[in-house]
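Let me begin by presenting the structure, written as structure tokens, before commenting on it.
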Amino acid sequence: MSQALIAEIQQLLGQVMIPSLTSAAAGDDIFEVYVFGLLLEAARREGANLQYENVSGGFSGTCTFRTSPGRIWSQTRPYTHAIIVLPNRPPLEAHLGIMLQGVSGVLHEADVAVLPRSEGAACRINNVEPRASSALLTIECKYYATPLPLGMGRSFIGLRADFGRRKVFFAMNQPPGTVGTLLKKHVEHWEHSIVPASVMDVGRFIGNLQTPFKDFKIP
Amino acid sequence: MTDHEAALAFEQFSALLDREHLNWLRTQVEAHLRLGKPEQREVAVLEEDVDRRDLFGLPARRRHPGPKASFLGTIEYTPKERLQILAMAIAHAVPHVLEMANAIPELLHPRQGEPAARVIVVRESETGEVEEKTLQTAASAEKLARLRELLGRLASEAAK
């Protein structure tokens, strides 16, 4: 093996490193925002108009996204959600890191969730959590530097049962691996290799995210 | 690449991760390597003779190999496989993350041509602590693509 290859990798690593990458959560946080962006792109391709709003109603031009589980009504920070408007249909809201109530009555975190705007507004006014049954779709995001532990797939299968199997998506950065073998057997919507360099996989994911919006456009 | 070269390169990159404050990545890779590589093995299932009796008339349980079946076991990763896993882990922890950060402003723009919003990411802990970071998109796209390509090449060489 060429020592020159190792030396060039070492040199480039030093040049591109930024302080925020030194935390183990960095990949996870950025991945959730990236997947949220892909979701908005899917809505855009279905003809949606998008705007942003903070939990208190206004928007200053700064998107504040929560990447750990939180309440849709929390005003700890001016958390931002996107408003998605499709022609002649009730508006929707896309959120990051909110708790949703599953069909069992238990609360779970949804990394990304799309809800009717009426559901989001009612929950913010009354300090309660949205119902998963009302969601158009949810996305579970998993960003790992190494192949995903099988437990991630197992817990998603449980979550899917409580959120509604047809509306939940699983997105991971890693290639399929053993988690993929498990998900292929039990899950309808799962995506692997979701990183910008995997143009084909990202394109397929956006296309699959378009389907719920396509269906929603038909009254 | 020989096993010895792969083991040396693994050590070099592990030390580099520590220097770049990416200790968490080394820990994650080591934890994954400790789990071992899954491997299907054909193993003879043992069968017991339950009807046999010993000299005193008590049940004499004797086991003998029965038909073979497929079982899942684990073996240690080879030095080359360890280097391949480390190279891919660095690719996912550095260039892929930075390329996502670079893609986000374009994906979040409300309408074509509008300036991208500033993005703040907030992580709230269960104890109520709040960690806030502004999304940084400083790294050059060419350098990131080159780093990703070189790490891919290193992983391919290790796989040979």
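Each value in this text was obtained by applying a stated rule to the coordinates, not by laboratory testing. It should be emphasised that the depicted structure is a prediction, and the values quoted were computed from it without experimental measurement. Glycine gets a Cβ as well: all are built from the backbone with ideal geometry, and neighbour counts include every protein chain shown.
Loop only by DSSP, 16 or fewer other Cβ within 10 Å of the Cβ. Give me the trypsin sites (Lys or Arg not before Pro) in segment A:148-219 that pass, ordered by residue number.
A:165, A:166, A:217
Given an 8 Å cut-off on Cα distances and at least 6 residues of separation, report the relative contact order of segment A:2-214 as a percent.
16
Restricting the calculation to Cα positions, tell me the Rg (one decimal) and the Dmax (whole number) of segment B:20-99 in Å.
Reported Rg and Dmax, both Å: 23.4, 76.
Find which of A:74, A:5, A:176 sits farthest along the positive direction of the dipole of the protein assembly as shown, computed with +1 on the beta-carbon of Lys and Arg, -1 on that of Asp and Glu, about the Cα centre.
With unit charges placed on the Cβ atoms, the residue in question is A:176.
Where does each of A:52, B:77, A:79 land when they are ranked from fewest to most other beta-carbon atoms within 10 angstrom?
Ascending Cβ contact count within 10 Å gives the list B:77, A:52, A:79.
Just want the ordering: B:81, B:39, from fewest to most Cβ atoms lying within 10 Å of their own Cβ.
B:39, B:81
I need to check one value: relative contact order of chain B, counting alpha carbon pairs closer than 8 Å and at least 6 residues apart, in percent.
Answer for chain B is 24 percent.
When a footprinting reagent is the concern and you count Cβ atoms within 10 Å, what order do A:201, A:28, B:51 take, fewest first?
So the residues, fewest neighbours to most, are B:51, A:201, A:28.
Can you list the lysines whose alpha carbon is less than 23 Å from that of residue B:133, not counting same-chain residues fewer than 8 positions off?
A:142
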